[in-house]
Structures are given as structure tokens and as C-alpha cells.
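Here it is, the structure in full.
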Amino acid sequence: MSKRILVIDDELDIRDVVCLSLEEFAGWYTESAGSGAEGLGKAQAAPWDCILLDVSMPEMDGLVVYRRLQADRKTQPIPVILLTAKVLAADRDRFTSLGVAGVIAKPFDPITIWQQVAQLLGWAT
């Protein structure tokens, strides 16, 4: 069965590249959202196997979105992988302490991002 991945990022180019990679190389179903508010709505509207979430977004950043996902019984079990350019050790430690499933650094390799997702979540590739 194909995995269902929600990609939340304010940059259209990033959303398009991630979704295309996950669909083409892994065969997964993807949807995307261009804001935290839109992402929360989509997260609650359908079942997801994973959410890829940008940390730096205007209006509602990824950490606020993550906390709201964790506060909702329906979305709390969905593993969240953060997409971020913040890759300092202190940032990674802070993200890990929040309980995220993993962190993927930007810029990422669009050819292998699906493998990074699979590895972080323990999905066979």
C-alpha cells in the first residue's frame, strides 16, 4: 500500500520538488499545503503516514504547527519530519527534544529525499 505524505512548506518550489520526488521515486501519494493553517486543515481532514514540515514559515512557523498537531488527538500520532536550513547541533537537539521523527536539512537532494524519509521512519525501501 502506498504511503500518504503531507508536505507543508511556504515555498512552492520546495513543495513541488519534494512531492515529485516522493511520488516518482517512492511511489507515495502526496499533497501539499503552502501555510501552517492550510497544513493543519489538511492534516485533520485525511489520514497521513507522515508530515514533512518546514520550520521557517511566515504567520505560523513550523514549530507552532507541530505543537498544534501534537495537541490534537487525531493528528498527534502522525510522525513529523522537519525540513529546515537550521542545522546547527543546538537546533537539532532542540528539534529532537520536541519528539519529531527526524530532521532533513535544506538544501536536500531531491533524488534521495524519499530514502531519508524512509530511513527516519523505518520504512523498507
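Using the membrane-span-like helix rule (whole DSSP H runs, Cα extent along the own axis of at least 27 Å, mean Kyte-Doolittle hydropathy at least -0.5), which helices of the chain qualify?
Span-like helices here: none at all.
Work out the count of Lys pairs in the chain where the Cα-Cα distance is under 24 Å, with the pair 8 or more places apart or on different chains. It would help to have the intermediate numbers written out before the result.
On the way: K3/K42; K3/K74; K3/K106; K42/K74; K42/K106; K86/K106.
Lysine pairs satisfying the spacing and distance rule in the chain number 6.
A further question follows. Quick one: among A26, A46, A37, which has the greatest mean-square fluctuation in a GNM of the chain with alpha-carbon springs under 10 angstrom?
Highest fluctuation among the options: A46.
Which residue fluctuates the most in the chain, going by a Gaussian network model with Cα springs under 10 Å, if the choices are V64, V80, V18?
Comparing V64, V80, V18 in a Gaussian network model of the chain, the most mobile one is V64.
Within the chain, what is the longest stretch that has no trypsin sites (Lys or Arg not before Pro) placed in a DSSP loop and near at most 11 other beta-carbon atoms within 10 Å?
1-72
Which residue, L63, L40, L98, tops the fluctuation ranking in a GNM of the chain built on C-alpha contacts under 10 Å?
L98
For labels at L120 and A45 in the simple 7 Å Cα→Cβ model, what's the distance in nm?
Each label point lies 7 Å from its Cα, and together they span 2.4 nm.
Quickly estimate the mean residue ellipticity at 222 nm for the chain, helices only: each DSSP H run with n ≥ 4 gives -39500 (n - 2.57), and the total goes over all residues, rounded to 500.
-13000 deg cm²/dmol
Quick query: amide H of V7 versus all other amide H atoms, modeled in the peptide plane; which residues come in under 5 Å with a sequence gap of 5 or more or a different chain?
Residues meeting the amide H criterion: E31, S32, A33, L52.
Okay, next question. Taking the Cα centre of the range 56-125 as origin, work out the dipole magnitude from +1 charges on Lys and Arg Cβ and -1 charges on Asp and Glu Cβ, in debye rounded to 20.
Roughly 180 debye, rounded to the nearest 20.
Where a number appears in this text, it was derived from the coordinates with a stated rule and is not lab data. These numbers were taken from a predicted model, which means no experiment stands behind them. Positions of Cβ are backbone-derived with ideal geometry, glycine not excepted, and every protein chain shown enters the neighbour counts.
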